[in-house]
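Just below is one structure, and these are the notes that go with it.
The values are calculated or read from the model by the stated rules, or taken from the named source; none is laboratory data. Given the structure is predicted, the values throughout are model-derived calculations rather than measurements. All Cβ positions, even for glycine, are placed from backbone atoms using ideal geometry, and neighbour counts span all protein chains on display.
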Amino acid sequence: MAADPALHPHIHTLYSDHHGWLQGWLRRKLGNAFDAADLAQDTFLRILTAPDHTPEKQCDWQLREPRAYLTVVAKRLLANLYRRRSLEQAYLDALSALPDPLAPSPEQQAIILETLQEIDAMLDGLAPPVRQAFLMAQLEGLGYAEIAAKLGVSERTIKRYMAEAMARCILLVA
């Protein structure tokens, strides 16, 4: 992924100066060169496609401390990778508990896993109490009063949490 130097000179310099270092850092974290290469590329792609990658919008610390900046972005992607793998493993464990006649086809499994990952991405952007309230309503079927009592907040707060969660879901689906 070599960014066009004429269009993105700062990204090109960042990439050429620090790609090898970042990939090595990720390889040590992951113990796997292939995943490290993918995450290093994803890190630079994320930076390249971010709305604030232009020098005028970039924070000074991003330019003064490029490795710290790359590390922050890479750690977020690393956390996403671990969460995706954990979700996939939980799904595979649940599938293995099903009798063969009830198990979904490989195509259905892929669709279900992709849907689970999309839902996880939607919920990831929510504050923990908002996410918890949303899941209690959706998965446990609890009413707002019950959720408020369990979380120790007002019912009005739960209504606000639910509105925030629903708005995020609608925004990400659109």
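Numbers at a glance
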| read-out | value |
| --- | --- |
| Single condition Leu30 does not satisfy, out of (1) modelled with pLDDT of 90 or more; (2) surrounded by 18 or more Cβ atoms within 10 Å (Cβ to Cβ); (3) under 15 Å from Arg76 (Cβ atoms) | (2) |
| Filter result for Tyr82 (loosely packed, with under 12 Cβ neighbours inside 10 Å and free of Cβ contacts under 8 Å to residues at least 40 places away in the same chain) | yes |
| Residues being over 30 Å from Lys150 (Cβ atoms) and hydroxyl-bearing (Ser, Thr, Tyr) - total across the stretch 75-129 | 2 |
| Number of the exception - Thr157 against (1) farther than 22 Å from Gln117 by Cα; (2) touching a residue at least 40 places away in the same chain (Cβ under 8 Å) | (2) |
| Residue match in the stretch 129-145 (condition: under 30 Å from Asp38 (Cα atoms), at pLDDT 85 or above, part of a helix (DSSP H, G or I) and not assigned by TED's automatic domain parsing to the domain that holds Leu30) | yes |
| Hits in the stretch 93-122 - residues which are surrounded by 15 or more Cβ atoms within 10 Å (Cβ to Cβ) and without any contact (Cβ under 8 Å) to a residue 40 or more places away in the chain | Leu113, Leu116, Gln117 |
| Hits in the stretch 7-45 (condition: without any contact (Cβ under 8 Å) to a residue 40 or more places away in the chain, in a helix (DSSP H, G or I) and aliphatic (A, V, I, L, M)) | Ala33, Ala36, Ala37, Ala40 |
| Index of the failed condition, Ser16 passing every other in (1) under 29 Å from Gln117 (Cβ atoms); (2) at pLDDT 85 or above | (1) |
| Residue in the stretch 53-63 that is at pLDDT 90 or above, hydrophobic (A, V, I, L, M, F, W, C) and over 17 Å from the mean Cα position of the chain (by Cα) present | no |
| Residue match in the stretch 87-107 (condition: more than 30 Å from Trp25 (Cβ to Cβ), modelled with pLDDT of 90 or more and either of a type outside the set (Val, Ile, Thr) or within 17 Å of the chain's Cα centre (by Cα) (or both)) | yes |
